[in-house]
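Below is one structure, written out as structure tokens; the observations come after it.
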Amino acid sequence: MARTIRWCSGSLLLALASKTAYAGEAIEATTRQPLNVQAIALFFCFVLFTLGITVWAARRTRSTSDFYSAGGGITGFQNGLALAGDYMSASTLLGITALIYTDGVDGYIYLIAFFAGWPVLLLLMTDRLRNLGKFTFADITSYRLSQRPLRAMSAMSSLVVVCFYLIAQMVGAGQLIKLLFGLDYNWALVIVGVLMMAYVTFGGMVATTWVQITKAFLLLVGGTIVAILAFSHFHFSFETLVARATEIHKRGAALMMPGKLLADPVAAISLSLGLIFGTAGMPHILMRFFTVKDAKEARKSVLYASSFIAYFFNVILILGLASIVIVSRDPRFFEGGDIQGKLLGGGNMVAMHLAHAVGGDLMFGFLAAVTFATILAVVSGLALAGASAIAYDLYTHVIRRGAANEKGEMRLTRFASLAIGIVAILLGMAFQKVNVAFMVALAFGVAASANFPVLFLSMFWKNFTTKGALAGGYTGLISAVLLVFISKSVWVDVLGHPQAIFPYSQPALFSCPLHSWLRSRSRCWTGVNLRCLSVRGLPIYTCAVRPGSVQARPPHTDNARRWFALFV
């Protein structure tokens, strides 16, 4: 196996070197950065290092426990760093920096919504996740309910989340590598896909964990160095930085006040719910809790991850504000040298331009390599989650009814990893021209609407039944997909219709059940209230869950009071 990995790595590096030699002719000058030798060299170093990790991990992966959960041998600190690496994507570094650059504090509010999901995990779910789960979150949802239908539903929703999130990551990877390294888009997708398949197929969770740890460390170090270099221009005074930024930016003092992100309260609440509860329903995030030995280490994982993520989000704020002062006044980073024109490479290149301005080609190359490492770490975690859903949930427990042998399951898991990698490459090519923002929203919306409610209620409500879980899970899955499909992101921007049927881009407020459960608990204990469903919109999931979830009993029993006390 190690020989196979070395052969694949040599072939990959040879192919990459041959393509970079003439990449300049394949990409228009207005859509890429010049070929950066430092970035390519650092990228090669990272690839060789991570492939070495994969060889080492392959020798340690002997069982399904090793493959799915690293044998439970990851410490709390290591898992916290890996969780942070799994969560801090390239869109955080590049996209949110660009959002702060253009809209100011709106970008920081967006970061807060992303961060708010971690206290939910820490305070409500971490102990039970570790104590009840084994390899996937379907272990928990089906623990005291009917195994086969629950696992089939959980695997289906997991694969939907993984596929749409993979599309977003792969399309982003292709565009970023095209911009940063001068590679053709399709070749960039192939490189990311092949590396992802190598990490997951041969190294399993051990390799994926250490790739994520490496990526998180590099991202934290790289972002900190750029922030320190940029902050030094303002004598390390945040007050001076804000004053200079508001003086230069076209929004002036309004830069540091909420703007268009909160202009529509419904959209803002829906976005927040999707990001908060979607985080607690992401399968590749939930899998990480099974890599530690006990609940104590799981709690440490979330605490460390929250600390790393909170720190990095504040680094992003400094990068965004510093870019307003440093990048927006430098004609080197604009097309034609016109500071009123477009940024070279597009708006998402703000962080890269800042690194070049304060650290030269070396820092630009380092941050470019870190960006690529970020993408690889995220897609590896997603691929492993998808392969686990196919092999462990669908094949072993649904098709074979738990009677599959370990060797056959491992073989299928590796084939599933290869299949997911190929599908990810093809989907990335197919969706090259499509705005992938709605795919990210769909991934979080499905996770918040289908995965999180079933997972949460199966852990905390003893009257939750198989019929209720299936009705609610499938309704949440279908409603989230449908609402995004008829929203502006797809119905207008992709399909070309003049007006969207659903006026919001985020579905979570209308498909997430928790708040509607409280509002309509007195009337929906015995049946579906269709008028409530059509007028309020919010109880879409709830009305589907409640008839099958609650047995015939008065609504004011002690059990009901105890359950509602969790939220009051």
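Output the residue which, of all residues in segment 376-413 that are in contact with a Ser or Thr (Cβ under 7 Å, 6 or more places away or on another chain) and of a type in the set (D, E, K, R), is farthest from I177 (Cα to Cα).
Among residues in segment 376-413 that are in contact with a Ser or Thr (Cβ under 7 Å, 6 or more places away or on another chain) and of a type in the set (D, E, K, R), the one farthest from I177 (Cα to Cα) is E406.
So in segment 467-496, with the set limited to residues that are outside any helix (DSSP H, G or I) and at pLDDT below 85, which one is farthest from S154 (Cα to Cα)?
Kept after step one, since they are outside any helix (DSSP H, G or I), are these residues of segment 467-496: 486-487, 493-496.
The next check asks that each one be at pLDDT below 85; those that pass are 487, 493-496.
Values: S487: 25, D493: 30, V494: 29, L495: 30, G496: 33 Å.
Looking at residues that are outside any helix (DSSP H, G or I) and at pLDDT below 85, I get G496.
Return the total of residues in segment 305-341 being modelled with pLDDT under 90 and either within 21 Å of the chain's Cα centre (by Cα) or part of a helix (DSSP H, G or I) (or both).
So in segment 305-341, the residues modelled with pLDDT under 90 come out as 328-341.
Those left that are additionally either within 21 Å of the chain's Cα centre (by Cα) or part of a helix (DSSP H, G or I) (or both): 331-333, 335-337.
Of the residues in segment 305-341, 6 are modelled with pLDDT under 90 and either within 21 Å of the chain's Cα centre (by Cα) or part of a helix (DSSP H, G or I) (or both).
Residue under question is T54, and the condition is that it be under 30 Å from G182 (Cα atoms), at pLDDT 80 or above and of a type in the set (S, T, N, Q); does it hold?
Working: under 30 Å from G182 (Cα atoms): yes; at pLDDT 80 or above: yes; of a type in the set (S, T, N, Q): yes.
Yes: the conditions hold for T54.
On the basis of being assigned to a helix (DSSP H, G or I), out of contact with any Pro (no Cβ under 7 Å at 6 or more places or on another chain) and over 21 Å from F452 (Cβ atoms), does Y101 make the cut?
yes
Mind checking which residues of segment 385-406 are part of a loop (DSSP other than H, G, I, E, B) and open to solvent by less than 50 Å² (accessible area, probe 1.4 Å)? Spell out how you get there, then give the answer.
Quick first cut of segment 385-406, residues part of a loop (DSSP other than H, G, I, E, B) only: 400-405.
Residues satisfying the conditions are G402, A404.
Out of the residues in segment 114-134 that are of a type in the set (A, V, I, L, M, F, W, C) and open to solvent by less than 10 Å² (accessible area, probe 1.4 Å), state the one that is modelled with the lowest pLDDT. Spell out the reasoning first.
Filtering segment 114-134 down to residues of a type in the set (A, V, I, L, M, F, W, C) leaves 114-116, 118, 120-125, 129, 132.
Checking the rest, the ones that are also open to solvent by less than 10 Å² (accessible area, probe 1.4 Å) come to 118, 121, 125, 129.
Details: W118: 81, L121: 71, M125: 80, L129: 79.
Going through the qualifying residues, I end up with L121.
Assuming F464 fulfils every condition listed in (1) over 24 Å from the mean Cα position of the chain (by Cα); (2) surrounded by 15 or more Cβ atoms within 10 Å (Cβ to Cβ); (3) at pLDDT below 55 apart from one, which condition is it?
F464 satisfies all of (1) over 24 Å from the mean Cα position of the chain (by Cα); (2) surrounded by 15 or more Cβ atoms within 10 Å (Cβ to Cβ); (3) at pLDDT below 55 except (3).
How many residues are open to solvent by less than 30 Å² (accessible area, probe 1.4 Å) and either outside any helix (DSSP H, G or I) or among the aliphatic types (A, V, I, L, M) (or both) if we restrict to segment 45-62?
Pass one, segment 45-62, residues open to solvent by less than 30 Å² (accessible area, probe 1.4 Å): 46-47, 50-51, 53-55, 57-58, 61.
Subsequent filtering for residues that are either outside any helix (DSSP H, G or I) or among the aliphatic types (A, V, I, L, M) (or both) retains 47, 51, 53, 55, 57-58, 61.
Here the count works out to 7.
Determine, yes or no, whether G71 is under 30 Å from F460 (Cα atoms) and either open to solvent by less than 10 Å² (accessible area, probe 1.4 Å) or outside any helix (DSSP H, G or I) (or both).
Working: under 30 Å from F460 (Cα atoms): yes; either open to solvent by less than 10 Å² (accessible area, probe 1.4 Å) or outside any helix (DSSP H, G or I) (or both): no.
No: the conditions fail for G71.
Helices (runs of 4 or more DSSP H) wholly in segment 164-277 with at least 2 residues that are under 23 Å from D106 (Cα atoms) and open to solvent by 50 Å² or more (accessible area, probe 1.4 Å) - which ones?
On the way: elements: 185-198, 204-231, 238-248.
By residue number, 238-248.
The values are calculated or read from the model by the stated rules, or taken from the named source; none is laboratory data. Bear in mind that the values here come from a model prediction, so they are computed numbers and not experimental data. Cβ atoms come from the backbone with ideal geometry, glycine included; neighbour counts cover every protein chain shown. Accessible surface areas use protein heavy atoms only, side chains included; no ligands, DNA or RNA. Shrake-Rupley method; radii C 1.70, N 1.55, O 1.52, S 1.80 Å.
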